[in-house]
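Engineer: I have a structure I would like to understand better, so I am pasting it below and will then ask my questions one at a time.
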Amino acid sequence: MGCCSSKAADTKATRMARWRSTGIVALRDSKLKSFPDEVISLEKSVRTLDLTHNKLVQIPMEINKLINLQRLILADNLIDNLPVNLGLLKSLKVATLDGNRIRALPDELGQLVKLERLSVSGNLLMSLPETIGSLQNLVLLDISNNKLKFFPESIGSCFSLEELQANDNSIEELPVSVCNLVQLKSLCLNNNNLNQMPLNLLRECKSLQTVSLHGNPISMDQFQQMDGFKDFEIRRKQKFDKQINSNVIISSKGLDEGVDL
């Protein structure tokens, strides 16, 4: 018994030493039901935390002790809410929370000013906080497969946003402020309730190459009549030609040419 206890202690000590030296804590598929206390005890050492595919229900308030955390990956758990202390993770660049039971994002999310990628697909979100507009370094936002009906007007302040994935929601309209997203390259809104788009979207979003609107009431004729469609079509075709010239592998669904209505 003493020998076994010693080996277990050695294993834990070795694991802790590895986490401390690499800054990477990876506990995927570990059948965890609670957040491991030893991770919190590492404090400044942790830069990447991956707890994907466990049975976690809560994130402890003490997570703010991981002040150097850059990547937080908590996909496929049972998390239903996020602590306000999450906003104190000032170094966070990537937050992956797909496949949980999250009903709301805290207003403190807007404090994560270094955040570049936020993915919360497959949750129960009914709205986004107005503070999301403070995420001016955000490049990717994936909010697909939730229960959203609208975007906050502040989404137009996410000036670095290049990819917006919002498939499989109940979104009825886009705010005019979306036209401020001049870096936006890909806008995917499949399976929503959109019957029109902001009139100046294609004219103002001069980087836009892909718009996917399959499963919405809007018609192709409406889209083609939007101001700026011709320039958008040129960008779309240039992207398509570049994909072919680069020998992009075509999936069973075919190559995405950029417009899907």
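The values are calculated or read from the model by the stated rules, or taken from the named source; none is laboratory data. Remember, it's a predicted structure, so these values are computed and weren't measured experimentally. Methodologically, a virtual Cβ is constructed for each residue, glycine included, from the backbone with ideal geometry; neighbour enumeration extends over all protein chains shown.
Engineer: Of the residues Cys188, Cys205, only one is more than 30 Å from Ile67 (Cβ to Cβ), under 14 Å from the mean Cα position of the chain (by Cα) and not small (Gly, Ala, Ser); which?
Structural biologist: Being more than 30 Å from Ile67 (Cβ to Cβ), under 14 Å from the mean Cα position of the chain (by Cα) and not small (Gly, Ala, Ser) holds for just one of Cys188, Cys205, which is Cys188.
Engineer: Are there any pairs, at least 6 apart or on different chains, whose C-beta atoms fall under 6 Å, with the first in segment 103-128 and farther than 23 Å from Phe159 by Cβ and the second among the β-branched types (Val, Ile, Thr), and if so, which?
Structural biologist: Asn123/Ile102
Engineer: Out of the residues in segment 164-187 meeting the condition of being of a type in the set (Asp, Glu) and surrounded by fewer than 17 Cβ atoms within 10 Å (Cβ to Cβ), tell me which one is nearest to Glu153 (Cα to Cα).
Structural biologist: In this case the residue turns out to be Glu173.
Engineer: Looking at segment 89-102 only, could you name the residues that are closer than 11 Å to Arg71 by Cβ and either in contact (Cβ under 8 Å) with a residue 60 or more places away in the chain or part of a loop (DSSP other than H, G, I, E, B) (or both)?
Structural biologist: Across segment 89-102, the qualifying residues are Leu89, Ser91, Leu92, Lys93.
Engineer: State whether one or more residues within segment 193-201 are closer than 25 Å to Asp107 by Cα and of a type outside the set (A, V, I, L, M, F, W, C).
Structural biologist: no
Engineer: Of the conditions (1) in a loop (DSSP other than H, G, I, E, B); (2) at pLDDT 95 or above; (3) surrounded by fewer than 22 Cβ atoms within 10 Å (Cβ to Cβ), Gly110 fails just one. Which one is it?
Structural biologist: (1)
Engineer: In segment 188-221, what residues are more than 21 Å from Ser160 (Cα to Cα) and either hydroxyl-bearing (Ser, Thr, Tyr) or loosely packed, with under 15 Cβ neighbours inside 10 Å (or both)?
Structural biologist: Selection gives Asn195, Leu199, His214, Pro217, Ser219, Met220, Asp221.
Engineer: Hey, does segment 146-154 have a residue that's buried (at least 17 other Cβ atoms within 10 Å of the Cβ) and either part of a helix (DSSP H, G or I) or at pLDDT below 95 (or both)?
Structural biologist: yes
Engineer: Can you pull out every residue in segment 52-81 that is assigned to a loop (DSSP other than H, G, I, E, B) and among the polar types (S, T, N, Q)?
Structural biologist: Scanning segment 52-81 gives Thr52, Asn54, Gln58, Asn68, Gln70, Asn77, Asn81.
Engineer: Please go through segment 10-25 and give me each residue that is small (Gly, Ala, Ser) and surrounded by 14 or more Cβ atoms within 10 Å (Cβ to Cβ), ordered by number.
Structural biologist: Gly23 - this is the single residue of segment 10-25 that is small (Gly, Ala, Ser) and surrounded by 14 or more Cβ atoms within 10 Å (Cβ to Cβ).
Engineer: Check Asp50, Asp76 and return the single one that is in contact with a strand residue (DSSP E or B) (Cβ under 6 Å, 6 or more places away or on another chain) and touching a residue at least 12 places away in the same chain (Cβ under 8 Å).
Structural biologist: Asp50
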